[in-house]
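The values are calculated or read from the model by the stated rules, or taken from the named source; none is laboratory data. Bear in mind that the values here come from a model prediction, so they are computed numbers and not experimental data. Methodologically, a virtual Cβ is constructed for each residue, glycine included, from the backbone with ideal geometry; neighbour enumeration extends over all protein chains shown. Just the protein is used for accessible areas: all its heavy atoms, side chains included, with ligands, DNA and RNA removed. Shrake-Rupley method; radii C 1.70, N 1.55, O 1.52, S 1.80 Å.
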Amino acid sequence: MQMQEVETRQAYTILIPAYNPDEALVTLVEKLRASGFSTIIVVNDGSDESSVGTFDKIASFVDQVLTHEQNQGKGAAIKTGLRYAVDKYPEKIGVITVDADGQHLPQDVVNVYEEGVNKPHHLIMGCRDFSGEAIPLRSRFGNQSTRLVMLIGSGLKLKDTQTGLRAIPMRYARQLLDIPGNRYEFEMNMLTFTKRLQVPIQQTTIQTVYENENDSSHFRPILDSILIYRMFLMYSLSSVASFLVDVGMYALFIYLLSPYFDTVHVVIATVIARVISSLFNYLINRKVVFDSKARRSLPKYFSLVVLQMAVSALLVFLLFLLFRQGEVILKVVVDSFLFFVSYYIQKRWIFKK
């Protein structure tokens, strides 16, 4: 009986970041080799001595094991592997990242590979289905949260923002070396920068695999979540601070002007409060939140301020005419809505890098 010849898959380099891996990594690289992948790189991200045997076992199946003397984080490991692939295999279409814990099945890696060959300029994402009952709660919650942040912050509607199975085109692999983040936040930044660097995204469904409630994951729920949501959290804090300045100034001028005007004091107070708070918000967002050097950000920002101020004043004024009381409460309601609109515009247009 003649054995079926396995197709050689050499268009992409396989990159596996690994920290304290177990036998799942050995099984993974063996099956990837059996699936025809010709180039496999593993990055040992400062694993302890208990993993030495695992790396010894995979030595004959991989082309290179790159080693960090100390643990630097998944993002740093991916960057190390990307840098090696860009220098060593520049002729390939790109790099496919695969997790070391066995969550990504070889057939799914093959499917992502084939999708990448068909769409070589796309970032191909192997997306899991989180609707099943067997999905660990922390994974389900984490995915839903990051999907919402990604949608609001970057306008990207993704099924799985945390997937580690990605086919990265070589052009984008080079650009990723300069993108910030050394831990799990790097994978989120990778998605955010696709918009700025005009890298299209293709999502392909893969099987959802979790072993023992995903207890092999090295994700630190609190610290890594802060790093992942850092920009959004900083923006939110900046916006909340500006919001408090705005409402405080508004309440102050309502108090000062209400004895002299019937209704127009609402408009005057809104304008003065918005000018003061917008100056504060612009400086914080530009220097701290986005660290932006975008040209013409100031006129763009104040164009938004004028528009938002007009909409805010109009809505608050109309609502005040309707209710004749509760000016401050009306202000809070209106600007809570405009807060999300403003965030999206600033992220996508004003401070775009």
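Could you please find all residues in region 301-327 being open to solvent by 50 Å² or more (accessible area, probe 1.4 Å) and over 15 Å from Phe337 (Cβ atoms)?
Phe302, Ser303, Val306, Phe317, Leu321, Leu322, Phe323, Arg324, Gln325
Considering every residue within region 275-289, establish whether at least one is more than 30 Å from Lys195 (Cα to Cα) and open to solvent by 40 Å² or more (accessible area, probe 1.4 Å).
yes
Given the conditions (1) at pLDDT below 85; (2) out of contact with any helix residue (DSSP H, G or I) (no Cβ under 9 Å at 6 or more places or on another chain); (3) within 16 Å of Val332 (Cα to Cα), and given that Met309 satisfies all but one, which numbered condition is not satisfied?
(2)
Condition first: open to solvent by less than 10 Å² (accessible area, probe 1.4 Å) and among the aromatic types (Phe, Trp, Tyr). Now tell me which residues in region 143-186 satisfy that.
Tyr172, Phe186
Name the strands (runs of 3 or more DSSP E) wholly within region 1-86 that hold at least 1 residues that are buried (at least 18 other Cβ atoms within 10 Å of the Cβ), without any contact (Cβ under 8 Å) to a residue 60 or more places away in the chain and at negative phi?
The strands (runs of 3 or more DSSP E) meeting that bar are 40-45.
Please note which helices (runs of 4 or more DSSP H) are completely contained in region 259-353 and include at least 3 residues that are farther than 22 Å from Ser236 by Cα.
265-284, 297-323
Output the residues belonging to region 184-210 that are more than 17 Å from Ile16 (Cβ to Cβ) and assigned to a loop (DSSP other than H, G, I, E, B).
Within region 184-210, Leu197, Gln198, Val199, Pro200, Gln207, Thr208, Tyr210 meet the criteria.
Pairs only if they're at least six apart or on different chains, beta carbon under 6 angstrom, first in region 326-353 and closer than 20 Å to Leu156 by Cα, second modelled with pLDDT of 85 or more and of a type in the set (A, V, I, L, M); list them, first residue then second.
Close Cβ pairs satisfying both conditions: Ile345/Leu304.
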